[in-house]
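Read through the structure below, which is laid out as structure tokens, and then see the notes.
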Amino acid sequence: MTENKQTIIIGSDHAAYSLKEDIKKYLIERDIDVKDIGTHIEESVNYTDFGINVASSVSTGKFERGILLCGTGLGMSMVANRFSHVRAALCADVFAAEMSRRHNNSNILVLGGRVIGDVLARAIVRVWLDTPFDGDRHQVRLDKFDGLGEKIEA
Ligand code: RB5
């Protein structure tokens, strides 16, 4: 049974490497396919490179949803939200994760490996995976900013 399985693309820097490994394990336990683009070591790397890789893959529709992790989650959020059609949500609690799906249709979840522990991170990922988008008025609001960057003149 592989045809209905989602594949989640995941990436982190060194500061969240161990949390990425744990979240990857959780996704596999849930029978979700994972595309791990690294980092694969604890040596210092630039979060930017991994953020661009995941966000561009979601932006172009190659992957529907992704997870990004760095120390605070801030750098990854900043990078990911530069990409059209990406709605990256930095979540440090379950309520934010739920609302990021229901109201914002977030397609990238961002976690801070130096901010939250693995048990909370798993709970956040669970809610983020399982909560659908409410649509309706929220879609109208999303449409107002999707692709906005392309319209702004310098
Ligand atoms: C790495 O030291 C750290 O700056 C990075 O993981 C992240 O927190 C950046 O926003």
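If I filter region 10-24 for residues that are within 16 Å of the ligand (Cβ to nearest atom), out of contact with any Ser or Thr (no Cβ under 8 Å at 6 or more places or on another chain) and of a type in the set (S, T, Y), do I get at least one hit?
Yes, some residue in region 10-24 is within 16 Å of the ligand (Cβ to nearest atom), out of contact with any Ser or Thr (no Cβ under 8 Å at 6 or more places or on another chain) and of a type in the set (S, T, Y).
Let me spell it out: the conditions are (1) within 16 Å of the ligand (Cβ to nearest atom); (2) closer than 16 Å to W128 by Cα; (3) out of contact with any strand residue (DSSP E or B) (no Cβ under 9 Å at 6 or more places or on another chain), and R30 meets all of them except one. Which number is the exception?
(1)
Select, from G112, G71, the only residue that is buried (at least 20 other Cβ atoms within 10 Å of the Cβ), under 15 Å from the mean Cα position of the chain (by Cα), within 20 Å of H40 (Cα to Cα) and within 16 Å of the ligand (Cβ to nearest atom).
Exactly one of G112, G71 is buried (at least 20 other Cβ atoms within 10 Å of the Cβ), under 15 Å from the mean Cα position of the chain (by Cα), within 20 Å of H40 (Cα to Cα) and within 16 Å of the ligand (Cβ to nearest atom), namely G112.
For the condition surrounded by fewer than 17 Cβ atoms within 10 Å (Cβ to Cβ) and on the phi > 0 side of the Ramachandran plot, what is the one hit in D143, D130, D136? Don't jump to the end; show me each part of the working.
Details: D143 fails: on the phi > 0 side of the Ramachandran plot; D130 fails: on the phi > 0 side of the Ramachandran plot.
Exactly one of D143, D130, D136 is surrounded by fewer than 17 Cβ atoms within 10 Å (Cβ to Cβ) and on the phi > 0 side of the Ramachandran plot, namely D136.
Among the residues of region 89-97, is any open to solvent by less than 50 Å² (accessible area, probe 1.4 Å), away from the ligand (no atom under 16 Å from the Cβ) and over 27 Å from K151 (Cα atoms)?
Taking every residue of region 89-97 in turn, at least one turns out to be open to solvent by less than 50 Å² (accessible area, probe 1.4 Å), away from the ligand (no atom under 16 Å from the Cβ) and over 27 Å from K151 (Cα atoms).
Under 6 Å between Cβ atoms, which residue pairs at least 6 apart in sequence (or on different chains) link something in region 41-63 that is open to solvent by 80 Å² or more (accessible area, probe 1.4 Å) with a partner that is assigned to a helix (DSSP H, G or I)?
The qualifying pairs are E42/H14; E42/Y17; S44/H14; Y47/G75; Y47/M76.
What's the total number of residues in region 78-87 that are within 11 Å of the chain's Cα centre (by Cα) and either near the ligand (Cβ under 8 Å from one of its atoms) or open to solvent by 20 Å² or more (accessible area, probe 1.4 Å) (or both)?
Total meeting the criteria: 2.
Consider region 115-154. How many of its residues are small (G, A, S), assigned to a helix (DSSP H, G or I) and under 19 Å from the mean Cα position of the chain (by Cα)?
Here is the first cut: in region 115-154, the residues small (G, A, S) are 117, 121, 123, 135, 147, 149, 154.
Remaining after also requiring assigned to a helix (DSSP H, G or I): 121, 123, 149.
The next check asks that each one be under 19 Å from the mean Cα position of the chain (by Cα); those that pass are 121, 123.
The total comes to 2.
Would you point out which residue out of G51, G66 is within 19 Å of V115 (Cα to Cα), touching a helix residue (DSSP H, G or I) at 6+ places or on another chain (Cβ under 6 Å) and either modelled with pLDDT of 95 or more or within 16 Å of the ligand (Cβ to nearest atom) (or both)?
Details: G66 fails: within 19 Å of V115 (Cα to Cα).
Answer to the selection: G51.
Given (1) touching a strand residue (DSSP E or B) at 6+ places or on another chain (Cβ under 9 Å); (2) surrounded by fewer than 16 Cβ atoms within 10 Å (Cβ to Cβ); (3) farther than 22 Å from F133 by Cβ, identify the lone condition not met by K25.
Unmet condition: (1).
Any residue that is within 22 Å of F50 (Cα to Cα) and within 16 Å of the ligand (Cβ to nearest atom) - is there at least one of those in region 99-108?
yes
The values are calculated or read from the model by the stated rules, or taken from the named source; none is laboratory data. No experiment lies behind these values; they were computed from the predicted model shown. Heads up, the Cβs are rebuilt from the backbone with ideal geometry, glycines too, and the neighbour counts pull from every protein chain shown. For accessibility, only protein heavy atoms count, side chains too; no ligands or nucleic acids. Shrake-Rupley method; radii C 1.70, N 1.55, O 1.52, S 1.80 Å.
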